[in-house]
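Input: a single structure, listed below in structure tokens.
The values are calculated or read from the model by the stated rules, or taken from the named source; none is laboratory data. These numbers were taken from a predicted model, which means no experiment stands behind them. Here the Cβ is made from the backbone with ideal geometry for all residues, glycine too, and neighbour counts use every protein chain on show.
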Amino acid sequence: MLAQAKLDALSARIAGLHFPSTGWQGKARGHALERLTAMGLPGRRDEYWRYTDPAKLNAAHVQAKLDASDVAFQDAEALKIVFVDGVFDAAASDDLALGGVEIARLAESVTDLHWASDIYGVLEAQGQMPVERPFAVLGTAFATDGILIRVTGKANRAISIIYRSESDTSDVILHHCVKVEDGAEVTLLESGDAAARLLTVMEVDIAPAARFHHVRAQGRSHHRVVGTHIFARIGEGALFKSFTASINGVMTRNEAVLDIAGNDSVAHVAGVCVGDGGDFHHDDTIFITHAAERCESRQVYKKVLKNGATGVFQGKILVKPGAQKTDGYQISQSLLLDGDSQFLAKPELEIYADDVKCSHGSTSGAIDDTALFYLRSRGVPQRRAQSLLVLAFLAEALAEIEDEALAEDLRLRLESWLDRHEA
Amino acid sequence: MLKINNLHVKLEEEEKVILRGVDLTVDAGKVHAIMGPNGSGKSTLSYVLSGRDGYEVTDGSATLDGEELLEMEPEERAAAGLFLAFQYPVEIPGVGNMTFLRTALNAQRKARGEAEVSAGDFLKLVREKAASLKIDADMMKRPVNVGFSGGEKKRNEILQMALLEPKMCILDETDSGLDVDAMKLVAEGVNALRDEGRAFLVITHYQRLLDHIRPDVVHIMANGRIVLTGGPELALEVEKNGYTDILAGVGA
């Protein structure tokens, strides 16, 4: 797309949006708007959007028929924060009070000296190099709300953000900030169809020896459009783990940009998606920068695609000079349940240190007929046998979730999807 | 119990005929052995009976207690009481052995209108059967056949047989890849299952296995047909003289 066309796309996209310029984030939002105006919105000819058409994220208006709300992690012991079509629902939410944690809303935090001003739009802006991510900038400039979480101790419960949707035309932009202080630990859950179209940015700053766990369930309306971004800065000896299960959706682009800044830290991102139909499109785009010594990163992505569904994986590991003893692992795999589905993978390694261990692999395959016959010959009906084999395929990714109850919740949801979408 | 009548089978994808009129009747309580040189169609017979893809039945029938097997799905054949112990048991990464066994058992019970076995009862049942086959708990926790030695895989087949309690058991070269001790263990497992209501079809190259699992009837298969049928002494003759003389004797 020509530069002018990109700017025209941007003008159309933001014409109807309110620009909240006040409060402690006013300045960051202003800067974001300037940056956004310089870059415009992406087009198909942008290398970073080669496999995913940004049209649905660019569109000025959105209309999508949504299925009944379907929220994961109902049984999780967690503080619940509910958004309905992007609007905070106080009545449905718990009090925003949790031991060892400060929780506030972006839309309500008006004090000038706010801890989040060191993060809001800052990690996002750092993540714009070397590749521009215009929708993340849009999220910084125009977010209507979001949750600000500062963890100072070990949170005694998880925090669960629940997105519900009632309107088929809801177009929602949210921006969350998380700061996990020295040695602190928290688990953040996200689930539900938030809107006809949802754009989110989450910036996570993890201090030395802190631990951040993130488990997300996207689904299950077929027509929803979602673009998410995680920007994380990971300090010395810290741990970052993020897992996303994605069910259905005509457009999902999940970006994660991880900056491994402190020595001896660990960063894992993983995800599974299941999609049925020629209009299903799911894209995981990951960029991990190793800028410290003796750090470990891991990417595990598995996609189950059928009836012409499309899956995309773009994953990059950048090892900077001096990031010695880096241990980087990346695997992206798809299970194609028919001949029409496609998986497009672009694994990349760029290494400027000489004492590192990095590996990547990417495969596309079908259900193993021999294994299927073996199961059936023992009396397991075909559908059940297929679903066992699909879940087996997904198991390596699901194993990335530390909390077994959360993993089991997602496993059951995936199983029920498989039962409904007979292969 | 098992009645195979004039069974003709070719490969689905190519014009290669493998079985050329197999006739075989196995009565309840009996152990039949099928021996024969490589390429005679022994393994194909076991695959066709259990419903594996890739074969086309061009003529004939195969019934289990009067029910036509060849029209059933593989899982229906299993629920009807047919069991094939694989020559090469399949490794299934990501599927736990316990999950697999319990899913199989309960699926069969459900298909027959029987109550499912509870997790607790199942555990007890598996432990008991596994112990007699010297299968340790660690093997049960691993994914199906993944990282199992050749002997462990075959013992796992027999364990499945013991749990599922089929009426008609087909053992496809269960002795291949086993050392003498492992073969004895497997044979003991099979012998423990012998009873009046159950029949076995033991496919093997060698007479050795038949020292441990004593057959009532021995068939020699060649070129897609059963060309000779006799008692246990036939197996000894094969061991002594090889197939060539025997086959020449019957003009096959």
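Checking the condition in contact (Cβ under 8 Å) with a residue 60 or more places away in the chain, aliphatic (A, V, I, L, M) and more than 23 Å from B:LEU69 (Cα to Cα), which residue from B:LEU236, B:LEU210, B:LEU228 passes? Lay out the reasoning, then the answer.
Values: B:LEU236 fails: in contact (Cβ under 8 Å) with a residue 60 or more places away in the chain; B:LEU228 fails: in contact (Cβ under 8 Å) with a residue 60 or more places away in the chain.
Just a single option satisfies the conditions, and that option is B:LEU210.
Taking the conditions exactly as written (within 14 Å of another protein chain (Cβ to nearest Cβ), assigned to a helix (DSSP H, G or I) and surrounded by fewer than 19 Cβ atoms within 10 Å (Cβ to Cβ)), does B:MET98 satisfy them or not?
Values: within 14 Å of another protein chain (Cβ to nearest Cβ): yes; assigned to a helix (DSSP H, G or I): yes; surrounded by fewer than 19 Cβ atoms within 10 Å (Cβ to Cβ): yes.
Criteria met by B:MET98.
Can you tell me how many residues within the range A:376-386 are within 11 Å of chain B (Cβ to nearest Cβ) and more than 22 Å from B:MET168 (Cα to Cα)?
Looking only at the range A:376-386, we keep the residues that are within 11 Å of chain B (Cβ to nearest Cβ), and these are A:376-385.
Pick out the ones that are also more than 22 Å from B:MET168 (Cα to Cα) and you get A:383-385.
The total comes to 3.
Checking the condition under 14 Å from B:VAL31 (Cβ atoms) and of a type in the set (D, E, K, R), which residue from B:LYS240, B:LYS153, B:LYS167, B:LYS184 passes? Let's see the steps before the verdict.
On the way: B:LYS240 fails: under 14 Å from B:VAL31 (Cβ atoms); B:LYS153 fails: under 14 Å from B:VAL31 (Cβ atoms); B:LYS184 fails: under 14 Å from B:VAL31 (Cβ atoms).
Criteria check complete, one pass: B:LYS167.
For the range B:75-87, check the following and say yes or no: at least one residue is surrounded by fewer than 16 Cβ atoms within 10 Å (Cβ to Cβ) and either more than 19 Å from B:MET139 (Cα to Cα) or modelled with pLDDT under 95 (or both). Before the answer, list the steps.
First, pick out the residues of the range B:75-87 that are surrounded by fewer than 16 Cβ atoms within 10 Å (Cβ to Cβ): none.
Scanning the range B:75-87, I find no residue that is surrounded by fewer than 16 Cβ atoms within 10 Å (Cβ to Cβ) and either more than 19 Å from B:MET139 (Cα to Cα) or modelled with pLDDT under 95 (or both), so the answer is no.
Looking for whichever is out of contact with any Phe, Trp or Tyr (no Cβ under 7 Å at 6 or more places or on another chain) and at negative phi here; the options are A:LEU344, A:LEU335, A:LEU305, A:LEU388. Which one fits? Spell out the reasoning first.
Values: A:LEU344 fails: out of contact with any Phe, Trp or Tyr (no Cβ under 7 Å at 6 or more places or on another chain); A:LEU335 fails: out of contact with any Phe, Trp or Tyr (no Cβ under 7 Å at 6 or more places or on another chain); A:LEU305 fails: out of contact with any Phe, Trp or Tyr (no Cβ under 7 Å at 6 or more places or on another chain).
Result of the check over A:LEU344, A:LEU335, A:LEU305, A:LEU388: A:LEU388.
Hand me the list of helices (runs of 4 or more DSSP H) wholly inside the range B:106-183 holding 3 or more residues that are among the charged types (D, E, K, R). Show your work before the answer.
Working: elements: B:119-132, B:137-141, B:150-164.
Answer list for the range B:106-183: B:119-132, B:150-164.
Rundown of residues vs (1) in a strand (DSSP E or B); (2) within 14 Å of chain A (Cβ to nearest Cβ); (3) over 28 Å from B:GLU196 (Cα atoms), yes/no style:
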| site | (1), (2), (3) |
| --- | --- |
| B:VAL9 | yes, no, yes |
| B:GLU15 | no, no, yes |
| B:ILE18 | yes, no, yes |
| B:VAL22 | yes, no, no |
| B:SER46 | no, yes, no |
| B:LEU49 | no, yes, no |
| B:GLY60 | yes, no, no |
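Output the number of the condition that B:ILE135 fails; it satisfies all remaining conditions of (1) among the β-branched types (Val, Ile, Thr); (2) over 16 Å from the mean Cα position of the chain (by Cα); (3) within 14 Å of chain A (Cβ to nearest Cβ).
Result: B:ILE135 fails condition (3) only.
Where in the range A:1-74 are the helices (runs of 4 or more DSSP H), entirely inside, with at least 2 residues that are among the hydroxyl-bearing types (Ser, Thr, Tyr)?
Working: elements: A:3-14, A:26-39, A:55-58.
Result: empty, no element qualifies.
Go through the range A:143-154 and give me each residue that's surrounded by fewer than 24 Cβ atoms within 10 Å (Cβ to Cβ) and touching a His at 6+ places or on another chain (Cβ under 6 Å).
Correct list: A:ILE147 only.
Could you run through the range B:62-81 and say how many residues are facing another protein chain (nearest Cβ under 9 Å) and either more than 19 Å from A:ARG378 (Cβ to Cβ) or not basic (Lys, Arg) (or both)? Can you show your working first?
We begin by selecting, within the range B:62-81, every residue facing another protein chain (nearest Cβ under 9 Å); these are B:73-79.
Going one step further and asking which of them are either more than 19 Å from A:ARG378 (Cβ to Cβ) or not basic (Lys, Arg) (or both), we end up with B:73-76, B:78-79.
Matching residues across the range B:62-81 total 6.
Give the range A:339-368 a look and list any residue that's among the charged types (D, E, K, R) and surrounded by 13 or more Cβ atoms within 10 Å (Cβ to Cβ), or say none. Break it down stepwise before answering.
Our first condition is that a residue be among the charged types (D, E, K, R); within the range A:339-368, this holds for A:340, A:346, A:348, A:350, A:354-355, A:357, A:368.
Residues satisfying the conditions are A:ASP340, A:LYS346, A:GLU348, A:ASP368.
Table: residues versus (1) surrounded by 14 or more Cβ atoms within 10 Å (Cβ to Cβ); (2) under 20 Å from the mean Cα position of the chain (by Cα); (3) modelled with pLDDT of 95 or more.
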| site | (1), (2), (3) |
| --- | --- |
| A:GLU47 | no, no, no |
| A:HIS61 | no, no, no |
| A:ALA72 | yes, yes, no |
| A:ASP75 | no, no, no |
| A:LEU98 | yes, no, no |
| A:VAL101 | yes, no, yes |
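Among the numbered conditions (1) under 30 Å from A:ARG411 (Cα atoms); (2) among the hydrophobic types (A, V, I, L, M, F, W, C); (3) within 14 Å of chain A (Cβ to nearest Cβ); (4) surrounded by 17 or more Cβ atoms within 10 Å (Cβ to Cβ), tell me where B:ILE170 comes up short.
Unmet condition: (1).
Quickly run through the range A:391-408 and pick out the residues that are part of a helix (DSSP H, G or I) and of a type outside the set (Gly, Ala, Ser). If you could, list the steps in order and put the result at the bottom.
Restricting attention to the range A:391-408, the residues satisfying the condition of being part of a helix (DSSP H, G or I) are A:391-398, A:404-408.
Hits for the range A:391-408 are A:LEU391, A:PHE393, A:LEU394, A:GLU396, A:LEU398, A:GLU404, A:LEU406, A:GLU408.
Output the residue which, of all residues in the range B:55-87 that are of a type in the set (Ser, Thr, Tyr) and farther than 21 Å from B:LYS16 by Cβ, is nearest to the chain's Cα centre (by Cα). It would help to see each step written out before you state the result.
Just the residues of the range B:55-87 that are of a type in the set (Ser, Thr, Tyr), to begin with: B:55, B:58, B:61, B:63.
If we keep only those that are farther than 21 Å from B:LYS16 by Cβ too, we end up with B:61, B:63.
Working: B:SER61: 19, B:THR63: 16 Å.
That would be B:THR63.
Just the residues that are surrounded by fewer than 18 Cβ atoms within 10 Å (Cβ to Cβ), more than 18 Å from A:HIS175 (Cα to Cα) and either touching a residue at least 24 places away in the same chain (Cβ under 8 Å) or aliphatic (A, V, I, L, M) (or both), please, taken from the range A:9-32.
Let us first name the residues in the range A:9-32 that are surrounded by fewer than 18 Cβ atoms within 10 Å (Cβ to Cβ), namely A:11-12, A:15-22, A:24, A:26-27, A:30-31.
This time we only want the ones that are more than 18 Å from A:HIS175 (Cα to Cα), so: A:11-12, A:15-16.
Scanning the range A:9-32 gives A:ALA12, A:ALA15, A:GLY16.
Residues checked against (1) farther than 30 Å from B:LEU105 by Cα; (2) more than 10 Å from chain B (Cβ to nearest Cβ):
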{"residue": "A:GLN333", "(1), (2)": "yes, yes"}
{"residue": "A:LEU336", "(1), (2)": "no, yes"}
{"residue": "A:ALA345", "(1), (2)": "yes, yes"}
{"residue": "A:ALA371", "(1), (2)": "no, no"}
{"residue": "A:TYR374", "(1), (2)": "no, no"}
{"residue": "A:LEU388", "(1), (2)": "no, no"}
{"residue": "A:ALA395", "(1), (2)": "no, no"}
{"residue": "A:ALA399", "(1), (2)": "no, no"}
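Can you tell me which residue is farthest from A:GLY121 (Cα to Cα) among those in the range A:248-283 that are among the acidic types (Asp, Glu) and more than 15 Å from the chain's Cα centre (by Cα)? Give the derivation first.
Narrowing the range A:248-283 to residues among the acidic types (Asp, Glu): A:255, A:259, A:264, A:276, A:279, A:283.
Going one step further and asking which of them are more than 15 Å from the chain's Cα centre (by Cα), we end up with A:259, A:264, A:276, A:279.
Numbers: A:ASP259: 15, A:ASP264: 26, A:ASP276: 36, A:ASP279: 33 Å.
If we take residues in the range A:248-283 being among the acidic types (Asp, Glu) and more than 15 Å from the chain's Cα centre (by Cα), then A:ASP276 is farthest from A:GLY121 (Cα to Cα).
Check A:THR140 against each of (1) modelled with pLDDT under 95; (2) of a type in the set (S, T, N, Q); (3) buried (at least 20 other Cβ atoms within 10 Å of the Cβ) and name the one condition it does not meet.
The single condition A:THR140 does not satisfy is (1).
So, of the residues in the range B:239-252 that are free of Cβ contacts under 8 Å to residues at least 24 places away in the same chain and not aliphatic (A, V, I, L, M), which turns out to be surrounded by the fewest Cβ atoms within 10 Å (Cβ to Cβ)?
The selected residue is B:GLY251.
Does B:LEU247 fit the bill of being more than 23 Å from B:VAL48 (Cβ to Cβ) and not polar (S, T, N, Q)?
It is false that B:LEU247 is more than 23 Å from B:VAL48 (Cβ to Cβ) and not polar (S, T, N, Q).
Of everything in the range B:102-125, what is within 14 Å of another protein chain (Cβ to nearest Cβ) and surrounded by 13 or more Cβ atoms within 10 Å (Cβ to Cβ)? Give them in sequence order.
If we filter the range B:102-125 for residues that are within 14 Å of another protein chain (Cβ to nearest Cβ), which is where we start, we get B:102-114, B:116-117.
Residues satisfying the conditions are B:ARG102, B:THR103, B:ALA104, B:LEU105, B:ASN106, B:ALA107, B:GLN108, B:ARG109, B:LYS110, B:ALA111, B:GLU116, B:VAL117.
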